[in-house]
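Input: a single structure, listed below in structure tokens.
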Amino acid sequence: MAVIKTNSEEARLLARLMRAEAEGEGEQGMLMVGNVGVNRVLGDCLDFPNIRSITQMVYQSPGGFEATQKGYFYQRARERDIRLAQRVINGERVWPASNALWFFRPEGDCPSTWYNQQNTGRFKSHCFFSPTPGDCPTVY
């Protein structure tokens with residue numbers, strides 16, 4: 001059962017985002033990007049007030065994703081990517097992105113905080129950052 005309200009068009013949109021942001025990090029990395037996206041829709045906190053849909057989350061500006069500015073994002077979603085997107089829409093969570101609202105790819109080591117949020121871990125090239133349960137209880 002879905003943890004956020006969505007439709008097949010938005011599932012394809014999330015699939016495109018996940019692939020564009022993390023295809024090089026495999027299925028697990030793509031699932032983590034999906035976790036961040038779903039958490040932003042669930043959150044209604046911090047940098048993401050009133051983000052209630054995948055479309056709003058993907059195209060949020062400022063604060064959105066770099067992938068939407070690149071041509072690769074605009075390619076048609078593949079079936080395997082749509083299946084991954086559906087898994088996170090249905091509530092699958094992968095650490096260290098389980099409760100994360102942010103990720104980025106640093107040049108070196110992950111900083112301990114980013115925009116005052118705690119580093120929850122690294123997967124391959126990306127560092128993930130989560131709010132506290134007090135700042136954003138709906139992602140926990």
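So the values come out like this:
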| read-out | value |
| --- | --- |
| Residue of 25, 79, 107 that the Gaussian network model of the chain assigns the largest fluctuation, springs spanning Cα pairs under 10 Å | 107 |
| Per principal axis, descending, Cα span of the stretch 1-81 in whole Å | 31, 30, 22 |
| Which of 113, 91, 136, positive extreme of dipole for the chain (C-beta unit charges) | 91 |
| Whole-Hz ³J(HN,Hα) from phi, Karplus 6.51 cos²θ - 1.76 cosθ + 1.60, for the stretch 89-94, glycine and proline x | 4, 7, x, 5, 10, 10 |
| Helix-only [θ]222 nm of the chain, DSSP H runs n ≥ 4, -39500 (n - 2.57) each, per residue, nearest 500 | -11000 deg cm²/dmol |
| Total formal charge among the other residues, if their Cβ is under 12 angstrom from that of residue 82, Lys/Arg +1 and Asp/Glu -1 | +4 |
| For the chain, built as a Gaussian network whose Cα springs stay under 10 Å, the top-fluctuating residue of 39, 116, 99 | 116 |
| Diffusion constant of the stretch 21-65 at 10 °C, which comes from Stokes-Einstein with the Kirkwood Cα-pair radius and 1.306 mPa s, µm²/s | 147 |
| In the stretch 1-79, trypsin sites (Lys or Arg not before Pro) in a DSSP loop with at most 12 other beta-carbon atoms within 10 Å | 5, 70, 76 |
| Surface/4 of the Cα convex hull for the stretch 89-140, nm² | 3.8 |
| Electrostatic dipole magnitude of the stretch 1-69 [Cβ: Lys, Arg +1; Asp, Glu -1; Cα centre; debye, to 20] | 240 |
| Solvent-free Debye scattering, log10 I(q)/I(0), computed from the Cα coordinates of the chain at q = 0.08, 0.09, 0.12, 0.17 Å⁻¹ | -0.18, -0.22, -0.41, -0.86 |
| Dipole in debye (nearest 20) - the chain, about Cα centre, beta carbon charges: Lys, Arg +1; Asp, Glu -1 | 380 |
| Residue 104 long-range amide H proximity, modeled H, under 5 Å | 127 |
| Selected from 37, 71, 104, residue furthest toward positive end of dipole (the chain; charges at beta carbon) | 71 |
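Coordinate-derived values only; no laboratory data. Here the structure is a predicted model, which is why all the values come from computation and not from measurement. Cβ atoms come from the backbone with ideal geometry, glycine included; neighbour counts cover every protein chain shown.
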